[in-house]
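Working notes, structure below.
The values are calculated or read from the model by the stated rules, or taken from the named source; none is laboratory data. Source: prediction; values computed, not measured. So basically every Cβ, Gly included, is an ideal-geometry build from the backbone, and we count neighbours across all protein chains shown. When the accessible area is computed, the model is the full protein with side chains, heavy atoms only, and any ligands, DNA or RNA have been set aside. Shrake-Rupley method; radii C 1.70, N 1.55, O 1.52, S 1.80 Å.
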Amino acid sequence: AKELGKGQARFYDPAMECEIPHKLQRERELVDAIEREEFVLHLQPQISISGDDCLRVEALIRWKHPTLGLLPPADFIIIAEDSGLIIPIGTWVLRRACRFAAQLLNDGKKINIAVNISTKQLRHPDFYKTLTDILTEESFPPHLLELEITESCFLEDLDAVILLIQKIRKLGVTIALDDFGTGFSSLNYLRKLPVDYLKIDRSFIQGLEIDRESQAITSSVISLASELNIHVIAEGVETTAQFDFLRCRKVEYVQGFLFYRPLPMNILLNSFGQIKVF
Ligand code: C2E
Ligand code: CA
Ligand code: CA
Ligand code: CA
């Protein structure tokens, strides 16, 4: 259950009884997991419809839990954010992603890697230094790194966050606005945000075959982004009908189970040359 705001009534729910101890246990396990580096990154390719020079992938974390097996982020990212453990975890993800892509680059295989950055992580005072340290230490060219942030980054101290993002973009790192359409944003607001890519949330893509609202929103986001010179990525593409709709409206990148699921690093390595880019 999500935390309720202060002063909101809360009905008794027997399931709550065991929720707190469970959360605390997970949190303790996470501390050990960081120590033992029990995490792995899976990589999901993003397909360029117009034909691109280099493969783009998004890094997605999984936890190799000692008894429960491979856990998806839904099972631990919120706990990590609430406890502050997202800072060391997020740093590990960033370093691991840059190291992997730098190794590939050394083998003559160029990929652009996108890393999810929690709002708490981005807004941490050390974030910029951590980022530049990792890029230097892993000898990774900044222009091959993309940071995926969400609209919640801009909820507070808008001007300061915009300055930080501009500073990051000066390094050559690109910024993608993730889950677009699910937050507070109005289309008008997008003009102010210094982003290079916009990812239309899966919920709209899933709605393309079902409701005209999703179609209308998707179409207007695509055309507005193009006028603002922001690249568009459609996420969660699962069917050819969805893909056809997006292709007709000149979406540049698509990502989803129709093309690839997130892949373990070694599989991506082995199939590097075969990953289709239209
Ligand atoms: P997200 O950033 O929106 O990532 C996309 C999620 O959609 C991924 O789930 C991906 O596996 C899934 N997905 C991709 N294509 C399809 C599709 O065609 N259909 C469906 N149904 N799903 C698809 P995943 O890997 O479970 O990650 C969930 C969320 O956890 C991510 O959502 C992101 O918010 C968060 N996350 C993942 N890795 C990290 C990380 O390293 N750091 C942080 N802070 N958050 C992360
Ligand atoms: Ca993402
Ligand atoms: Ca997303
Ligand atoms: Ca999402």
Quiz item: Which condition breaks for LYS192 when tested against (1) away from ligand 4 (no atom under 16 Å from the Cβ); (2) buried (at least 17 other Cβ atoms within 10 Å of the Cβ)?
Solution: (2)
Quiz prompt | Top-ranked residue in segment 195-212 [being within 13 Å of PHE245 (Cα to Cα) and open to solvent by 50 Å² or more (accessible area, probe 1.4 Å); ranked as nearest to ligand 2 (Cβ to nearest atom)] | solution = GLN206
Quiz item: Using beta carbons and a limit of 7 Å, which pairs, at least six apart or on different chains, have the first residue in segment 194-205 and farther than 13 Å from GLU146 by Cα and the second one within 11 Å of ligand 2 (Cβ to nearest atom) and of a type in the set (Phe, Trp, Tyr)?
Solution: ILE200/PHE180; ASP201/PHE180
Exercise. Look at segment 213-242 and say how many of its residues are more than 15 Å from ligand 4 (Cβ to nearest atom), under 19 Å from GLN44 (Cβ atoms) and open to solvent by 40 Å² or more (accessible area, probe 1.4 Å).
Key: 3
Practice problem: Go through (1) under 27 Å from SER48 (Cβ atoms); (2) open to solvent by 10 Å² or more (accessible area, probe 1.4 Å); (3) of a type outside the set (Ser, Thr, Tyr) one by one and return the number of the condition VAL115 breaks. | Solution: (2)
Quiz item: Quick one: in segment 47-97, which of the residues that are among the charged types (D, E, K, R) and in contact with a strand residue (DSSP E or B) (Cβ under 9 Å, 6 or more places away or on another chain) is farthest from VAL251 (Cα to Cα)?
Solution: LYS64
